[in-house]
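Below: the structure, in structure tokens.
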Amino acid sequence: MQDKDNRPSRLLGADSSFRVSFEFFPPKTPAMEEKLWQSIERLAPLAPSFVSVTYGAGGSTRERTHTTVTRILKETPLRPAAHLTCVASKRDEVDAVVRGYGEAGVRHIVALRGDPVDGVGTAYEPYPGGYANSAELVAGIKKVGDFEISVAAYPEKHPESRSLAADIDMLKRKVDAGADRAITQFFFDNDLYEAYVERVRAAGINIPIVPGIAPVHNFAQVARFAAGCGASVPDWLAQRFEGLEDDPATRQLVAAAVAAEQVLDLVDRGVTDFHFYTMNRADLVYAICHLLGMRPAKPAPTEAAA
């Protein structure tokens, strides 16, 4: 395989040193909970750097997020990261959630401003007595304890930002407040990501900018979500999935090919860390990680076998 510049792609063997992380969302029903834990069990042997659990708008999934994160911590060898937002909560309420995670043994938080209470597309209003934005939230978390903090980054700018430069300024504020890593909104054009990273570095921001990868299980759903979060959907991507609305088997094969092309091209550009938005589905993400050369960790031999 060669990219557009005729650079030979790296041959990825089982000694891969790539680092991956996985994002899950807290389940709403027993059936969704079963699916979530099947996905976690499937992906856990790949030894991700961490797994994150999302947080609903307005803190609507706060308890489910906490329950899922603490169960991961107690029942698996994985390092969980809890999402946390500024929305609809006073500072002392948010601080109490942070302390609760610390007491439970969670040491990694994904700090986000969060969507407006009235939904994406409406005006965001800071909650009275709350953290006004994600930079303030990062600083507040650091005051509570020595947590590892990941934040969001937007290769095509946040939809509410007046410009990409203003968006990068906000990222700089988050880094200055103590952020350790940025995870990008999903994207499909790797040139956009590469150009964004160049601008971020030129602004003096040196933390890892980890690309967020969203395998396209359902193109129509992804297109709707992209429209709300400011991520562009290239014409070529729509063409790949054209006519497959009622053909899930072929759609899955196309999705695997699209995701593999994107990830392997990023590898050719020097990327070594990836964050996968799993949508609580494991098979496609597992296949991509296999292409990266990742293999399930083998259990240590017992004394009898040694």
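The values are calculated or read from the model by the stated rules, or taken from the named source; none is laboratory data. Since we're looking at a predicted model, the values are computed, not measured. Here the Cβ is made from the backbone with ideal geometry for all residues, glycine too, and neighbour counts use every protein chain on show. Protein only, heavy atoms only, side chains kept; ligands, DNA and RNA dropped before computing areas. Shrake-Rupley method; radii C 1.70, N 1.55, O 1.52, S 1.80 Å.
Hey, got the dipole for segment 174-286? About the Cα centre, +1 on K and R Cβ, -1 on D and E Cβ, debye to the nearest 20?
Around 380 debye, computed over segment 174-286.
May I ask you to order 25-38, 100-113 by the average number of other C-beta atoms within 10 Å around their residues, highest value first?
For the peptides 25-38, 100-113, the packing ranking is 100-113, 25-38.
Which aspartates and glutamates, on any chain, are close to Lys298 with Cα under 15 Å apart, when same-chain ones fewer than 8 places away are left out?
Asp15, Glu41
Along the charge dipole of the chain, Cβ charges K/R +1 and D/E -1, which of Cys289, Pro77, Gly243 sits furthest on the positive end?
Pro77
Magnitude of the Cβ-charge dipole of segment 138-193, K/R +1 and D/E -1, about the Cα centre, nearest 20 debye?
Taking the Cα centre of segment 138-193 as origin, the dipole is about 280 debye.
Figure the gain on full extension for Gln221 and Glu93 (residue separation times 0.36 nm, minus the Cα-Cα span) and round it to one decimal in nm.
42.7 nm
Using the heavy atoms of the protein chains alone and a 1.4 angstrom probe, what is the accessible area of the chain per residue in square angstrom?
Values: 15030 Å² over 306 residues.
Per residue, the chain has an accessible area of 49 Å².
Figure the gain on full extension for Glu63 and Glu160 (residue separation times 0.36 nm, minus the Cα-Cα span) and round it to one decimal in nm.
Net length gain for the segment: 32.1 nm.
For Lys172, give me every one of the aspartates and glutamates with a C-alpha distance below 20 angstrom, ignoring sequence neighbours fewer than eight places off in its own chain.
Output for Lys172: Glu136, Asp146, Glu148, Glu156, Glu160, Asp180, Glu194, Glu198.
What FRET efficiency comes out for the pair Trp236/Val117, r = Cβ-Cβ distance, R0 = 35 Å, nearest 0.05?
Taking R0 as 35 Å, the efficiency between Trp236 and Val117 is 0.45.
Can you send over the carbon and sulfur percentage of the accessible area for segment 175-230, probe radius 1.4 Å, protein chains only?
Taking all protein chains in place, segment 175-230 shows 52 percent carbon and sulfur surface.
Evaluate the distance, in nm, between pseudo-label points positioned 7 Å from the Cα of Ala195 and of Asp169 along their respective Cα→Cβ axes.
Distance between label points: 2.1 nm.
Hey, got the dipole for the chain? About the Cα centre, +1 on K and R Cβ, -1 on D and E Cβ, debye to the nearest 20?
Rounded to the nearest 20 debye, it is 680 debye.
Classify segment 45-202 as rounded, prolate or oblate from the Cα gyration tensor: take a ≥ b ≥ c as the square roots of its eigenvalues, call it rounded if a/c is under 1.5, otherwise prolate when a/b beats b/c and oblate if not.
Oblate is the answer for segment 45-202, as a/c is 1.5 or above yet b/c matches or exceeds a/b.
Give me the three principal axis extents of segment 121-247 from the C-alpha atoms, as integers in angstrom, largest value leading.
Extents along the principal axes: 52, 34, 28 Å.
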